[in-house]
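Structure first, commentary second.
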Amino acid sequence: MADTDTGAPPKVVLVTASLLVAALAVAVAVVALTKSSSGQPGPNQPLALVSVPAPQAGSPDCAKLIAGVPATLTSNGKELSPRTLAEPAPKATVAWGEPDPVVLRCGLERPPDLTQTSPLRVVDKVQWLQVEQGDSATWYAVDRPVYLALTVPKSAGTGPLQTISDAIAAKLPVKPLKF
(Lines give C-alpha, C1' and ligand atoms only; values in the text may rest on other atoms or scores of the structure.)
Protein backbone atom coordinates (compact mmCIF):
# COMPACT_ATOMS: atom_id res chain seq x y z
CA MET A 1 0.00 0.00 0.00
CA ALA A 2 1.32 3.48 -0.87
CA ASP A 3 1.96 6.17 1.75
CA THR A 4 -1.11 8.44 1.45
CA ASP A 5 0.85 11.66 2.01
CA THR A 6 3.60 11.21 -0.66
CA GLY A 7 2.50 8.35 -2.91
CA ALA A 8 5.74 6.47 -2.08
CA PRO A 9 5.74 2.75 -1.27
CA PRO A 10 5.66 1.78 2.42
CA LYS A 11 8.96 1.94 4.30
CA VAL A 12 8.94 -1.84 4.75
CA VAL A 13 9.09 -2.32 0.96
CA LEU A 14 11.92 0.20 0.58
CA VAL A 15 13.96 -1.38 3.40
CA THR A 16 13.40 -4.88 1.99
CA ALA A 17 14.45 -3.77 -1.51
CA SER A 18 17.59 -2.10 -0.12
CA LEU A 19 18.51 -5.25 1.80
CA LEU A 20 18.02 -7.39 -1.32
CA VAL A 21 20.28 -5.11 -3.38
CA ALA A 22 22.97 -5.25 -0.67
CA ALA A 23 22.68 -9.04 -0.43
CA LEU A 24 23.00 -9.34 -4.21
CA ALA A 25 26.14 -7.17 -4.20
CA VAL A 26 27.69 -9.34 -1.48
CA ALA A 27 26.78 -12.52 -3.37
CA VAL A 28 28.38 -11.21 -6.58
CA ALA A 29 31.56 -10.28 -4.69
CA VAL A 30 31.74 -13.72 -3.04
CA VAL A 31 31.26 -15.51 -6.38
CA ALA A 32 33.94 -13.36 -8.02
CA LEU A 33 36.43 -14.04 -5.22
CA THR A 34 35.62 -17.75 -5.19
CA LYS A 35 35.99 -18.07 -8.96
CA SER A 36 39.38 -16.34 -9.02
CA SER A 37 40.72 -18.78 -6.41
CA SER A 38 39.01 -21.92 -7.71
CA GLY A 39 41.82 -23.18 -9.90
CA GLN A 40 41.04 -21.06 -12.92
CA PRO A 41 44.23 -20.33 -14.86
CA GLY A 42 45.98 -17.23 -13.64
CA PRO A 43 49.44 -15.77 -13.29
CA ASN A 44 52.15 -18.38 -12.77
CA GLN A 45 49.71 -21.31 -12.90
CA PRO A 46 50.45 -24.22 -15.26
CA LEU A 47 48.72 -23.97 -18.63
CA ALA A 48 46.40 -26.88 -19.39
CA LEU A 49 46.36 -27.79 -23.08
CA VAL A 50 44.07 -30.12 -24.94
CA SER A 51 45.87 -33.10 -26.39
CA VAL A 52 45.91 -33.28 -30.19
CA PRO A 53 47.23 -36.07 -32.41
CA ALA A 54 50.97 -35.54 -32.83
CA PRO A 55 52.43 -38.82 -34.09
CA GLN A 56 55.88 -37.31 -34.70
CA ALA A 57 56.15 -35.31 -31.45
CA GLY A 58 58.88 -37.66 -30.23
CA SER A 59 60.92 -37.34 -33.42
CA PRO A 60 64.50 -36.04 -33.52
CA ASP A 61 63.27 -33.13 -35.67
CA CYS A 62 60.86 -31.97 -32.95
CA ALA A 63 63.49 -32.41 -30.24
CA LYS A 64 65.93 -30.33 -32.29
CA LEU A 65 63.39 -27.58 -32.90
CA ILE A 66 62.02 -27.38 -29.35
CA ALA A 67 65.57 -27.18 -27.98
CA GLY A 68 66.24 -24.27 -30.38
CA VAL A 69 63.23 -22.02 -29.72
CA PRO A 70 63.89 -18.84 -27.74
CA ALA A 71 63.15 -18.71 -24.02
CA THR A 72 61.00 -15.59 -24.53
CA LEU A 73 59.04 -14.11 -27.41
CA THR A 74 58.32 -10.48 -28.17
CA SER A 75 54.75 -9.51 -28.96
CA ASN A 76 53.82 -5.89 -29.69
CA GLY A 77 56.90 -4.70 -27.81
CA LYS A 78 56.08 -6.83 -24.75
CA GLU A 79 58.22 -9.78 -23.67
CA LEU A 80 56.27 -13.04 -23.31
CA SER A 81 57.71 -15.36 -20.66
CA PRO A 82 57.65 -19.14 -20.99
CA ARG A 83 54.68 -20.97 -19.48
CA THR A 84 54.79 -24.16 -17.48
CA LEU A 85 52.45 -26.75 -18.98
CA ALA A 86 50.04 -28.69 -16.77
CA GLU A 87 50.51 -32.44 -16.59
CA PRO A 88 50.02 -34.43 -18.64
CA ALA A 89 51.80 -31.99 -20.93
CA PRO A 90 51.74 -32.77 -24.65
CA LYS A 91 55.13 -33.78 -26.06
CA ALA A 92 57.05 -31.26 -28.16
CA THR A 93 54.88 -28.36 -27.03
CA VAL A 94 55.91 -25.00 -25.57
CA ALA A 95 53.95 -21.88 -24.65
CA TRP A 96 54.65 -18.25 -23.81
CA GLY A 97 52.65 -15.40 -22.31
CA GLU A 98 49.55 -14.72 -20.22
CA PRO A 99 46.58 -14.59 -20.17
CA ASP A 100 46.26 -15.58 -23.84
CA PRO A 101 49.31 -17.72 -24.59
CA VAL A 102 51.22 -18.31 -27.80
CA VAL A 103 51.51 -22.11 -28.19
CA LEU A 104 53.91 -24.05 -30.44
CA ARG A 105 53.26 -27.75 -31.12
CA CYS A 106 55.53 -30.00 -33.15
CA GLY A 107 54.97 -33.34 -34.87
CA LEU A 108 51.30 -32.93 -35.75
CA GLU A 109 49.36 -34.75 -38.45
CA ARG A 110 49.04 -33.01 -41.81
CA PRO A 111 46.53 -30.16 -41.42
CA PRO A 112 43.22 -31.17 -43.04
CA ASP A 113 42.93 -27.67 -44.55
CA LEU A 114 46.13 -28.17 -46.55
CA THR A 115 45.25 -28.70 -50.22
CA GLN A 116 46.91 -27.85 -53.53
CA THR A 117 44.85 -24.65 -53.64
CA SER A 118 45.43 -23.56 -50.04
CA PRO A 119 46.68 -19.99 -49.70
CA LEU A 120 50.14 -20.19 -48.11
CA ARG A 121 52.25 -17.37 -46.74
CA VAL A 122 56.02 -17.35 -46.60
CA VAL A 123 57.45 -15.81 -43.44
CA ASP A 124 61.24 -15.81 -43.11
CA LYS A 125 61.65 -18.74 -45.53
CA VAL A 126 58.92 -20.91 -43.92
CA GLN A 127 55.63 -21.70 -45.69
CA TRP A 128 52.61 -21.32 -43.40
CA LEU A 129 48.94 -22.21 -43.70
CA GLN A 130 46.81 -19.88 -41.59
CA VAL A 131 43.59 -21.15 -39.99
CA GLU A 132 41.49 -18.50 -38.19
CA GLN A 133 39.49 -19.52 -35.13
CA GLY A 134 37.73 -16.96 -32.96
CA ASP A 135 40.18 -14.70 -31.13
CA SER A 136 43.26 -16.55 -32.39
CA ALA A 137 44.83 -18.02 -35.47
CA THR A 138 46.78 -21.23 -35.86
CA TRP A 139 49.63 -21.13 -38.34
CA TYR A 140 50.82 -24.51 -39.66
CA ALA A 141 54.38 -24.81 -40.97
CA VAL A 142 53.88 -27.15 -43.91
CA ASP A 143 57.25 -27.34 -45.69
CA ARG A 144 59.40 -29.14 -43.09
CA PRO A 145 59.99 -32.83 -42.21
CA VAL A 146 57.34 -32.48 -39.45
CA TYR A 147 54.21 -30.38 -39.27
CA LEU A 148 54.19 -27.60 -36.69
CA ALA A 149 51.38 -25.42 -35.37
CA LEU A 150 51.76 -21.98 -33.82
CA THR A 151 48.57 -20.71 -32.19
CA VAL A 152 48.67 -16.96 -31.69
CA PRO A 153 46.05 -14.66 -30.14
CA LYS A 154 44.95 -11.93 -32.54
CA SER A 155 46.31 -9.35 -30.07
CA ALA A 156 49.86 -10.76 -30.35
CA GLY A 157 50.96 -9.12 -33.59
CA THR A 158 53.46 -10.74 -35.98
CA GLY A 159 56.52 -10.93 -33.69
CA PRO A 160 55.95 -14.51 -32.45
CA LEU A 161 55.38 -15.82 -35.98
CA GLN A 162 58.57 -14.19 -37.26
CA THR A 163 60.67 -15.42 -34.33
CA ILE A 164 59.40 -19.00 -34.59
CA SER A 165 59.88 -18.90 -38.38
CA ASP A 166 63.53 -17.98 -37.82
CA ALA A 167 63.95 -20.91 -35.39
CA ILE A 168 62.30 -23.34 -37.84
CA ALA A 169 64.41 -22.11 -40.77
CA ALA A 170 67.60 -22.50 -38.68
CA LYS A 171 66.80 -25.98 -37.31
CA LEU A 172 64.74 -27.89 -39.89
CA PRO A 173 65.41 -28.42 -43.60
CA VAL A 174 62.88 -27.49 -46.27
CA LYS A 175 60.89 -30.43 -47.67
CA PRO A 176 58.47 -30.55 -50.60
CA LEU A 177 54.81 -30.05 -49.71
CA LYS A 178 52.65 -33.18 -49.36
CA PHE A 179 48.99 -33.01 -50.22
| note | In the structure shown, of Lys154/Lys175; Lys64/Lys154; Lys91/Lys171; Lys125/Lys154, the pairs separated by more than 26 angstrom at the C-alpha atoms are Lys154/Lys175; Lys64/Lys154
| Any idea of Arg121's accessible area? Nearest 10 Å², probe 1.4 Å. | 130 Å²
| remark: Taking 0.36 nm per residue of separation between Glu79 and Glu98 and subtracting their Cα-Cα distance, the length gained on full extension comes to 5.8 nm
| Taking all pairs of distinct alpha-carbon atoms in the stretch 86-179, Kirkwood radius in angstrom | 13.6 Å
| query | Given 37 °C and 0.692 mPa s, how large is the Stokes-Einstein diffusion coefficient of the stretch 130-179 in µm²/s, with Rh as the Kirkwood radius over Cα pairs? | reply | 282 µm²/s
| remark: Amide H contacts under 5 Å for Ala137, restricted to residues at least 5 apart in sequence or on another chain and with H modeled in the peptide plane, are Val152, Lys154
| query | Do you know the relative contact order of the stretch 123-179, to the nearest whole percent, from alpha carbon pairs under 8 angstrom that are 6+ apart? | reply | 35 percent
| said: Suppose all protein chains stay in the model; what accessible area per residue would a 1.4 Å probe give for the stretch 71-179, in Å²? | reply: 52 Å²
| remark: Extension length gain for Arg121 and Ala67 (0.36 nm per residue less Cα distance), in nm, is 16.9 nm
| said: Computing the accessible area with a 1.4 Å probe over protein heavy atoms, can you report the carbon and sulfur percentage for the stretch 113-153? | reply: 46 percent
| Rotationally averaged projected area of the stretch 42-97 (alpha carbon convex hull; nm²) | 4.5 nm²
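The values are calculated or read from the model by the stated rules, or taken from the named source; none is laboratory data. Predicted model only: the values in this text are computed from it and were never measured. Just the protein is used for accessible areas: all its heavy atoms, side chains included, with ligands, DNA and RNA removed. Shrake-Rupley method; radii C 1.70, N 1.55, O 1.52, S 1.80 Å.
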